[in-house]
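*Asks:* Handing you this structure, nothing more for now.
Just so you know, all these numbers are worked out from the coordinates, no wet-lab data involved. Values in this document were obtained by computation on a predicted structure and should not be read as measured data. So basically every Cβ, Gly included, is an ideal-geometry build from the backbone, and we count neighbours across all protein chains shown.
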């Protein structure tokens, strides 16, 4: 009987232990299940919030692009005035050192810029108008060349009618040559914005330190100074290199007796501000004119092509990097994307503004801790 009792007790103890572990295990799973139940709504809410933030960012970006596209008639002159202020501010500082009052200094600068813009615009539109008048002759000769090539190689001429872009160029040239008043009105709007920017030049930092804490104001002032210094250096070097390139192109084309040599030099000066593709765009018109004027002789075309290619390669790949030094430290991919985006949004003015805008965004991101990774990705590999 005692053995039976002991055996029963052992069985009861085993049952109790098993029941205890079952209860503990059930309680543990219950806690885990409860945690999962409570965590799932939090995770779902966080993912929904991220999705909503991403969608809102896309919507805001689309709206900003739409606003910039609609308001380009005001925004583009404002940005050009902002860039010109970088070049004009040292002149204003110099005039102040000569004890010239600030308002009078601004008036002198604006008057000089207006006079220079008028003389330059008059000369530019006169040259473009002269080429527009001669363009029908080049177009007719080009069509003759096209017909001879198609008959020689037995190509169906109807296939080439769809890609006849020469008429479109002629109409655009005539429209551009007659828009001098529109050009001067845009210059006037740029000068209007420039007046206020130059007048506010000295008081910006003072009001900045009054508006916020000294530490935060110092960070913003440093970022603005960095943006100003880098873009001013970029514009000064770009203008110098572009002017040197334009003079070389004009001299070489005049030596090779290419028609409208000075016009192509001016075109080179402007298009040299367009990164990557500007130098290519500047070489196409003089080569085209040389080809049409000297067909079927290949030597003049070869000489002009080689000369322009050498000038662009030496100035763009040797002289400018040597002068520019470290430069703006922008990734080539960022420059290309900025060129495509702003060119798509604003056309040629957007291409001219693409590098200064990208540089300003990069420097701003460098001074905002949360956006510092963006600045790193925007920078060049050597940075």
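*Asks:* What ranking of 152, 127 emerges when the number of other C-beta atoms within 10 Å of each C-beta is taken as an exposure proxy, fewest first?
*Replies:* Numbers: 152 8, 127 18.
The order, fewest Cβ neighbours first, is 152, 127.
*Asks:* Between residue 226 and residue 281, what is the label-to-label distance in nm when each label sits 7 Å out along the Cα-to-Cβ direction?
*Replies:* Using points 7 Å along Cα→Cβ, the separation is 3.1 nm.
*Asks:* Can you tell me which of 290-297, 111-118, 59-66 comes out highest on packing, and rank the rest after it, using the mean Cβ neighbours within 10 Å?
*Replies:* Numbers: 290-297: 16.1, 111-118: 13.5, 59-66: 10.5.
Final packing ranking: 290-297, 111-118, 59-66.
*Asks:* Just to be sure I understand the model, the point goes 7 Å from the Cα along the line to the Cβ. What's the resulting residue 91 to residue 217 distance in nm?
*Replies:* It works out to 3.1 nm between the two label points.
*Asks:* With r as the distance between the Cβ atoms of residue 74 and residue 116 and R0 = 25 Å, compute the FRET efficiency 1/(1 + (r/R0)^6) and round to 0.05. Walk me through the intermediate numbers first.
*Replies:* On the way: r = 23 Å, r/R0 = 0.92.
It comes to 0.60.
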